[in-house]
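Notes to accompany the following structure.
The values are calculated or read from the model by the stated rules, or taken from the named source; none is laboratory data. Just so we're clear, the structure is a prediction, and the values are computed from it rather than from any experiment. When we count neighbours, we look across all protein chains shown, and the Cβ atoms used for this are built from the backbone with ideal geometry, even at glycine. All accessible areas refer to the heavy atoms of the entire protein, side chains included, with ligands and DNA or RNA removed. Shrake-Rupley method; radii C 1.70, N 1.55, O 1.52, S 1.80 Å.
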Amino acid sequence: MKLLFAIVQNDDQKSLTYALIEKNISVTRIASTGGFLRGGNSTLMIGVDADRLEETLSIIKEYSRRRTVVTVPVSGIPHNIDSAAMPMSVTVGGATVFVLDVAETYKF
Ligand code: 2BA
């Protein structure tokens, strides 16, 4: 079994969750916050049999869009007053996905 953590944008999480559920892929949504933009995003925790990994990844890919946002980041830039106040354009997403092997799983 595999455990996926898919970090997606809030605008994509609803349709992605529906698409996964429709294919009988269980998903748990965790509200999360990106460290760089300090904006809300969603982390989907998805446990699937290994033979459904590729299918699951392609659904995530299909429903996660890249977006460019213009923002004044609050961290990750050098600390000088000029650059700190400078808006910058950042491309976010589609999805950042971590895939882990699951040793054991229980449902009680
Ligand atoms: P954030 O940390 O808010 O990052 C939003 C976007 O800002 C990133 O999009 C990336 O394009 C940009 N960015 C992040 N750090 C940067 C930096 N130091 N300098 C310039 N630009 C930077 P994505 O890469 O698509 O990431 C979207 C969200 O996924 C992230 O939100 C974070 O919540 C999560 N994420 C991405 N990579 C991760 C990782 N290796 N570990 C944990 N979470 C990660």
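Scanning segment 76-108 for residues that are away from the ligand (no atom under 13 Å from the Cβ), at pLDDT below 95 and either touching a Gly at 6+ places or on another chain (Cβ under 9 Å) or part of a helix (DSSP H, G or I) (or both) yields Ile81, Asp82, Ala84.
Counting only strands (runs of 3 or more DSSP E) that sit completely within segment 1-72, those holding 1 or more residues that are polar (S, T, N, Q), open to solvent by 60 Å² or more (accessible area, probe 1.4 Å) and touching a residue at least 24 places away in the same chain (Cβ under 8 Å) correspond to 67-71.
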